[in-house]
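Notes follow once the structure below has been shown.
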Amino acid sequence: MNLHDLTIHEAAGLLAKKEVTSEELTRSVLARIGAVEGRVQAFVTVTAERALDQARAADARLAKGETGPLLGVPGVIKDVLCTRGVRTTCSARMLENFVPPYDAHVVDRLQQAGLVMMGKANMDEFAMGSSTENSAFHPTCNPWELTRVPGGSSGGSAASVAAGEGLYALGTDTGGSIRQPAGFCSVTGLKPSYGRVSRYGLIAFASSLDQIGPMTRDAEDAAIVLQTIAGYDRRDATCVDVAVPDYRDALKPDLKGLRIGVPKEYFVDGMQPEVEAAIRTGIADLERLGATIDWDISLPTTPYALAVYYILAPSEASSNLARYDGVKYGYSHAEADGMWDAMEKTRQFGFGPEVKRRIMLGTYALSAGYYDAYYVKAQKVRTLIRQEFNAVFQRCDALITPTSPTVPFKLGEKMDDPVQMYLSDVCTIPVNIAGLPGMSVPAGFAGGLPVGMQIIGRAFDEPTVLRVGHAYQQATDWHTRRPAL
């Protein structure tokens, strides 16, 4: 048995029965990192000594009779979440040497639950990208095929779980950045409803869209992590004070009584036939599990979601990234002639090309003469998209779509064509715009490369999303397969 291949609930069972210690489990994962990280490059920072110290502390808690599903279980944190005393870079030169004096809310919650942090996961710079090639340090490779991308921006988180370099990871999702890499790496990735999880300590990209969520090996593990990180936090004004249900209690082996819709707009032109075939097979599996499938579902505003996103998200990025001026913290260009020259050079050399591109797009959309034509109009379409989802959920309990229209593409294939890169998130972006929960689960392979199936639910109805994913995984074995590496 390879300890690094365990699920959270399997590992927790072994730890509770004293059949393995957290230190043994952690050393197994560290050995795995040593064996594969040179090829996968999932991390910006590996925190081996810290992990071993945390594992020993977890073993001491276990020895006293303390229990918990995450106590002593090795996990990975995306490098966009602040970790006190551990470098948090956003995979950006601008923050290359930034060491936060505090933990993000979700990190603090995991610490209390017994986190053993293996390190900080690589990502697209400031979470802007769909391939993890925009990292200022190095690209991450897909563990299933090292010449392919792992998706993004949470590609390092997804790759670390797929490769056995952590039993779970936290990612963030602004337009699909948990679900798309989860689909590309054949892991389970859940984006909670907007406001379900506190964003305190998350370095912001687009504040009305960003959400933190788990990346795990199955839906039960996703429920365990979400249970730990969900809940109200007064430090985040966008965090909603609603009761957190028992997510594991919602997991059932069948789908009797559930109505599942299939929106026709998500089977887009250019979708690879093998991807569509895998998703239709998955839908048939859900029907066999007792769900009623409604094929007559339409979300007509969906084709405009991509354009809406690439107005709203860059606009918010332009505002959020204005703080990086070389004065207060982060990278500062020393050789400059005066304050304005220093600020200009700091941003010129501290930001990568994709970040600059989005700042320019956002600044343009917010500028005088264009604000009403672009930003205000995009907000109005956002309202239409949300209203369409609300109407559809009057007749359905959940929706099923592909996670991405394609399998993982080759490294470098789309770097010179930003629009093609943006299209990778065409199936996931509407969920962020509407603030809904969405989860990608492994749904098969096309030409040996992973395919993800997306489950979308009503706002704050993560239990139904998790129930669908769990039931599907009880009937299939795609989530149990591991890359050869």
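The values are calculated or read from the model by the stated rules, or taken from the named source; none is laboratory data. Small disclaimer: the values here were computed from a predicted structure and weren't measured. Note that each Cβ is placed from the backbone with ideal geometry, even for glycine, and that neighbours are counted across all protein chains shown. Calculation scope for accessible area: heavy atoms of the full protein, side chains included, ligands and nucleic acids excluded. Shrake-Rupley method; radii C 1.70, N 1.55, O 1.52, S 1.80 Å.
Per-residue ellipticity at 222 nm computed for the chain from its helices equals -11500 deg cm²/dmol, with DSSP H segments shorter than 4 residues left out and the rest contributing -39,500 (n - 2.57). Max-minus-min Cα coordinates of segment 66-159 on each principal axis give 44, 31, 15 Å, with the largest extent listed first.
For segment 425-459, the residues whose backbone nitrogen is under 14 Å from a point 7 Å from the Cα of Ala277, taken along Cα to Cβ, are 444-449, 451.
Once the chain from Asp417 to Val268 is taken as fully extended at 0.36 nm per residue, the excess over their C-alpha distance is 51.7 nm.
Averaging the Cα positions of each part gives two centres, and for segment 106-173 and segment 22-37 these lie 16 Å apart.
Taking the DSSP beta bridges with both ends in the chain, the antiparallel portion is around 70 percent.
Full extension of the chain between Ala57 and Met1 yields a length gain of 17.7 nm, computed as 0.36 nm times the residue separation minus the alpha carbon distance.
Computed with a 1.4 Å probe on the full set of protein chains, the accessible area for Tyr422 sits at about 20 Å². For the pair segment 425-450 / segment 209-251, the C-alpha centres are spaced 18 Å from each other.
Label sites at Asp337 and Ser298, each approximated as a point 7 angstrom past Cα along Cα to Cβ, lie 6.2 nm apart. What Kirkwood Rh does the chain have if only Cα atoms enter the pairwise 1/r average? Answer in Å. Hydrodynamic radius (Kirkwood, Cα only) of the chain equals 22.2 Å.
The distance from the alpha carbon centre of segment 277-307 to that of segment 359-423 is 19 Å, rounded to a whole number. Taking 23 Å as the limit for the C-alpha separation, the pairs Lys120/Lys191; Lys17/Lys64; Lys328/Lys377 exceed it in the case of Lys328/Lys377.
In segment 182-226, Rg over Rh equals 1.00, where Rg is the alpha-carbon radius of gyration and Rh the Kirkwood radius from pairwise Cα distances. Listed by number, the DSSP H helices of the chain that run 24 Å or longer by alpha-carbon position along their axis and have mean Kyte hydropathy of at least -1.0 are 22-40.
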